[in-house]
1. Would you check the accessible area of SER329, probe 1.4 Å, heavy atoms only, in square angstrom rounded to 10?
2. Rank these by accessible area, largest first, 1.4 Å probe: PHE235, PHE276.
3. Is the C-alpha gyration tensor of region 281-320 telling us rounded, prolate or oblate? Criteria: a/c under 1.5 is rounded; beyond that, a/b larger than b/c is prolate, otherwise oblate.
4. Projected area of the chain, taken from the Cα convex hull and averaged over every viewing direction, in nm²?
5. Classify region 60-212 as rounded, prolate or oblate, taking a ≥ b ≥ c as the square roots of the eigenvalues of its Cα gyration tensor: rounded when a/c is under 1.5, otherwise prolate if a/b is larger than b/c and oblate if not.
6. Determine the share of the chain's accessible area contributed by carbon and sulfur atoms, expressed in whole percent, with a 1.4 angstrom probe.
7. Work out how much length GLN305 to SER206 would gain on full extension: take 0.36 nm times their residue separation and subtract the Cα-Cα distance, in nm to one decimal.
8. With the contact rule set at Cα under 8 Å and sequence spacing of 6 or more, what percent relative contact order holds for region 148-189?
Amino acid sequence: MKIIPFDRAVMDEWDALCDTSSQAWLFHRADWVKIETRYFFPDNHSFALHDGRRMVAVQPLYQARLGLGSWSEALLHSGMHRHTGLALVDGLDAGAVNAARSAAMRHINEIASSVDADRIQLNSQNLAPQNLSPLRSEIPFWVTGYGYFLGLGIGPNGMAPAPGLATCCADQIVALGQPEASLFSQLEEGCRRAVRKAQAAGLELSEGNDAPVADYYELAEISAARTGESLAPRFYYEDVWRAFGAQGLCKTIFVLSGGRKVAALWLLIHKGAAHFLGGVSDPAYLPMRVNDFLHWSAIVWANHQGLTHYRLGPVFPELPDDWPVARVSRFKGKFGGTSYSTIQGSYFRHPEKYLETGRTQLS
């Protein structure tokens, strides 16, 4: 197997593999790798594998320095929040699969050594068709054969990695293809009441137009003034729309009140599934339960489009209710989603560095 660095790969061949591989999703595609590199992780170590005849696998891979307070780590990873993994072309025989996996892991280890990474984090994308099928593998090959710990520790404010410590991370994915009444009945009771309240207040759904970024970002700035969150630059949303909007791979959904846009969702769409990338709302409309109505409207819209799944993101059922990360995620569990374990894990090249993190988790 020959390693082809991302900047030397034929992008059309890369994307063709991503679009046909049951192990890949939109986050594997070349344009998304470029966006991640441009805005989040400038050190791009992504690569493809070639067997001498054709490209047989792609592996997005990035370098980052992450930290909590004065502590930081040098991390090599296959996606943060926007997970990817090694995606093989469908139909390879067992020998070719093993050869590709071995070559990929050897190259990942070489990169980790060259940049002196403290930790390597690998993942698998839950919206990849294989992970939504009976062929789903809860224990990835890099755990069974390469010494990785499965799972990731989560602290009050986010990731808190340590060898052997893992927090239940339950990805919420709503199965579509059902009558609207059935989908509504699966919402938590409080969510159903919230949706009815929003409907009684006259809130309505509106699809975004061909240039939705200005309206979305205006709402994002209003929302961030309340929440204090740091926004990605407007250019990020423009680049996402430019790369995927014309192909129908992203969509904006707005909520209107009296004809005014008061909330919005940004969705990524690929292989019959919708991924919630971001949501914003005008705080003045929170008493109308605009956020509940927003996701419910998006679920109904996705169902009408013939999509099969709607991904909200993770909840952390083991964590204390008053932890910030738990409070933020709890909202996503109200919409009748099925819990899929988030497939992620770490290889600790310098495990001693994580001793204090582990102590904090256990205290």
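1. Around 10 Å² of this residue is reachable by solvent.
2. Working: PHE235 140, PHE276 40 Å².
The residues order as PHE235, PHE276, largest area first.
3. Details: a/c = 3.56, a/b = 1.08, b/c = 3.29.
Cα axes put region 281-320 in the oblate bin.
4. Working: hull surface 72.8 nm².
Result: a mean projected hull area of 18.2 nm².
5. Values: a/c = 2.29, a/b = 1.63, b/c = 1.40.
It comes out prolate by the Cα gyration axes.
6. On the way: 8010 of 15820 Å².
Result for the chain: 51 percent of the exposed heavy-atom area is carbon or sulfur.
7. Numbers: separation 99, 0.36 × 99 = 35.64 nm, distance 1.43 nm.
Value of the extension gain: 34.2 nm.
8. Details: 26 pairs, mean separation 11.4, N = 42.
Value for region 148-189: 27 percent.
The values are calculated or read from the model by the stated rules, or taken from the named source; none is laboratory data. If you're wondering where the values come from, they're calculated on a predicted model, not measured in any experiment. Ideal geometry is used to build each Cβ from the backbone, glycine not excepted, and the neighbour counts take in all protein chains shown. For accessibility, only protein heavy atoms count, side chains too; no ligands or nucleic acids. Shrake-Rupley method; radii C 1.70, N 1.55, O 1.52, S 1.80 Å.
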